[in-house]
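Read the structure below first, then the notes.
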Amino acid sequence: MIRLDPATASLSAPPTVPAWALAGDTASEADAAFQAGAALASLDALARAQHAWTGAWRQRLSLKCAAASMRFAGRAEDEAALRDAWQLCPAGADPGPAGAVLGAWRQLSLQPPAASADRLEKIVGQLGLHWHGAALADLCTQIEKLAASQRPAPFAAAAIAAPVAAMRPDAELVGWWLADLVLAQSLRWPRPLPLMMAQAFGQAFRTEGGGGKRIRPGERGFERAVCLALVQAAAETCRLAAELSRRAEKLLAVAPKLRAKGAGDVIFLLLNEDAVAGSLTTKNLSRFAARRLFERLQQLDAVRELSGRPTFRLFGL
């Protein structure tokens, strides 16, 4: 028998960003900030909740930001390649540059929004950079000052991204990672949501009269762009939550039909991870039994195969 904790199995419909907050271009910074506030209010409940599918949702957000990071770094890895880099890496082994970047975003989504020099040193390394310890300590001090300033959350996020880019033009990626951390601090979320990096190449950061040039941290119009990007990010994140909620509902509905020993462990992983290897083995499940279980779940339309391969298949909501 598969037992699920009712406290974490809530399947209530996720909120949506109001249509008026998404309507058209916003000329003024004040209007953009107002729309961002409405969008973040919609996202606030999701950021605090612990639905059955919250883990998978957070990992999908991490994957999207990691894929945008690859584009920023001039690398070719997409979401599928990042999944492979993570899933094919043995426990404790080096996941390679792409896997390390994904690990940085996963860590952001899983840990409280606290900054220390030691933590930032690890994150900077995962993002492919190296910084002197004194500079990292200075960043922590700036983050503490922002927390004490009680600036509106979008402006606090912009205020940490800009000095990072000014200190190290090659470290803009670190600034986006910290922007999500500072945003979570400002909103008192228990854990950050990876949001901003996935929007860094979006329309919000394109100039109107400059041939579509990307607005970088610290440049004119950056704070307004951050507000508009957060509106889009919140809308996409709420839509993803609604999609995963429906898929999780279907998975939980078929759970009583599964008789394989260890099926409960697999369902738990599917609800908490972006992807689960079809060759998974546990103390209650052999590789052969896992393969049969995933085949059964596919027949019941309760999971999707994510790799498109006939071997080393990956499954998820």
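The values are calculated or read from the model by the stated rules, or taken from the named source; none is laboratory data. Note that the structure is a prediction, hence the values are computed from the model and not measured. Cβ placement follows ideal geometry from the backbone for every residue including glycine, while neighbour counts extend to all protein chains displayed.
Quick notes on this one:
- All helices (runs of 4 or more DSSP H) inside the stretch 208-301 with 1 or more residues being in the same structural domain as A161 (by TED's automatic domain parsing): 222-254
- Flag if P154 is surrounded by 18 or more Cβ atoms within 10 Å (Cβ to Cβ), assigned by TED's automatic domain parsing to the domain that holds A38 and in a loop (DSSP other than H, G, I, E, B): no
- Candidate set: the stretch 247-272, residues that are more than 13 Å from R304 (Cα to Cα) and of a type in the set (D, E, K, R); chosen: the one surrounded by the fewest Cβ atoms within 10 Å (Cβ to Cβ): R259
- Test: residue in the stretch 46-59 that is over 21 Å from L317 (Cα atoms), modelled with pLDDT of 95 or more and in the same structural domain as D180 (by TED's automatic domain parsing): no
- Selection within the stretch 26-35: residues that are assigned to a loop (DSSP other than H, G, I, E, B) and surrounded by 10 or more Cβ atoms within 10 Å (Cβ to Cβ). The member of this set that is modelled with the lowest pLDDT is T26.
- The set of residues from the stretch 60-80 being of a type in the set (S, T, Y) and either within 21 Å of L314 (Cα to Cα) or loosely packed, with under 15 Cβ neighbours inside 10 Å (or both) comprises just one member, S62.
- Tally, over the stretch 177-195, of residues that are in contact (Cβ under 8 Å) with a residue 60 or more places away in the chain and either of a type outside the set (A, V, I, L, M) or not in a helix (DSSP H, G or I) (or both): 10
- Residues located in the stretch 303-317, provided they are surrounded by 12 or more Cβ atoms within 10 Å (Cβ to Cβ) and over 16 Å from W57 (Cα atoms): E305, S307, R309, F312, R313, L314
- Scanning the stretch 71-97 for residues that are part of a helix (DSSP H, G or I) and more than 22 Å from L280 (Cβ to Cβ) yields a total of 3.
- Close pairs (7 angstrom Cβ cut-off, 6 or more residues apart or separate chains): within 23 Å of L251 (Cβ to Cβ) in the stretch 40-67, in a loop (DSSP other than H, G, I, E, B) and among the polar types (S, T, N, Q) anywhere: H51/S10; A52/S10
- Taken over the stretch 140-171, the criterion of being touching a residue at least 60 places away in the same chain (Cβ under 8 Å) and either in contact with a Pro (Cβ under 6 Å, 6 or more places away or on another chain) or at positive phi (or both) is satisfied by A161, A162.
- Listed by first and then second residue, the pairs linking a residue in the stretch 81-100 that is touching a residue at least 24 places away in the same chain (Cβ under 8 Å) and surrounded by 14 or more Cβ atoms within 10 Å (Cβ to Cβ) to a residue that is assigned to a helix (DSSP H, G or I) and among the polar types (S, T, N, Q), with Cβ atoms under 8 Å apart and 6 or more places separating them unless they lie on different chains, are A100/Q126.
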